[in-house]
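Values in this text are rule-based calculations from the coordinates and carry no lab data. Predicted, not measured: the structure shown is a model, and the values here were computed from it. Cβ sites come from the backbone with ideal geometry, for glycine too, and all protein chains shown count toward neighbours.
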Ligand code: SAH
Ligand code: MG
C-alpha cells in the first residue's frame, strides 16, 4: 500500500469527515492503480462531505494527470440532519439554518492545493449520472447509505467504469452489528453478482473491485 505523504496528509487528517487514515491510503493506492490501468480517463467520487477522502483521492488523480469529479449535493445524508446520529451542528449555515458542507469542502481543497485537479459537482448523484457519457477509470462510492440511494448509486455509476477500472466502496460491513448493510448488499454484492467485478482488496470497510467485463 502506498501512503500519502507530506503536507497533504496533514490537511486530510485535519479535515472533518469519516475516512480513517489507513482507508484513505487504500483509496490513494487504488486511484494510482486505476490511473495506471486506464490512462487519461477521469475519476469520480460520490459523497465528498468536507473533502477528507477527496484529499487522498485528488492527490492520486493529480499524480495520474486526470481530473477528479467530486459529486455531492452538500446537503448531507439522512443521518447528518438535525436530530440524527451523525449530525454536526458546526456544519449548519448560520444564515439559512440548513446543513451545508460546500464551504468546508472548498476550504479543504484550497488548503490541499487541489483546486485544479478536483472539479466540484454540486447535485444529486443519480441525476448527474444520468447525463454522464464518458468512461471513468475509478468510481468511489461513499454517498447516502439508505438502501435505495446506495442501489441507485451502483446502478447509475458502475456502467461508466471502464474495463480494467476500479469500483471502490466505503462502509462495507458484512456483519450487521458493525454497520448498515446497504453498501454491502446494494453495492458490493450487486457488483459481485453482476459477474462484471472481481475483488482486489479490503482495508477496514473500504472495498476495491476491478471491472473485468
Ligand atoms: N467521503 C466523505 C464522507 C461522505 S458522507 C469523507 O471522507 O469524510 C456522505 C456524503 O454523501 C454527504 O456529504 C452527503 O451530502 C452526500 N450524499 C448523500 N446522498 C447523496 C446524493 N443522492 N447525491 C449526492 N450526494 C449525496
Ligand atoms: Mg463513508
| message | Please list, in order, the residues from the range 31-60 whose amide nitrogen is less than 16 Å from a point placed 7 Å along the Cα→Cβ vector of residue 3. | response | 56
| query | How far, in nm, would the chain grow between residue 202 and residue 84 when pulled straight, counting 0.36 nm per residue and subtracting the alpha carbon separation? | reply | 39.6 nm
| message | Only counting other Cβ atoms within 10 Å, I'd like 82, 128, 136 sorted with the fewest neighbours first. | response | 82, 128, 136
| On full extension of the chain, what length is gained from residue 162 through residue 119, given 0.36 nm per residue of separation minus the C-alpha to C-alpha distance? | 13.5 nm
| message | For Cα pairs less than 8 Å apart in space and 6+ apart in sequence, what is the mean separation divided by the residue count of the chain, i.e. the relative contact order in percent? | response | 20 percent
| query | How many angstrom separate the Cα center of the range 130-195 from the Cα center of the range 82-114? | reply | 24 Å
| remark: Final fewest-first order of 196, 213 on the 10 Å Cβ neighbour count is 213, 196
| request: Kindly provide the pair-distance distribution of the chain built from C-alpha pairs, with 10 Å bins from 0 and whole-percent values in order of increasing distance. | output: 9, 37, 40, 13, 1
| note | For residue 174 and residue 93, extending 7 Å from Cα along the Cα-Cβ vector and measuring point to point gives, in nm, a value of 4.3 nm
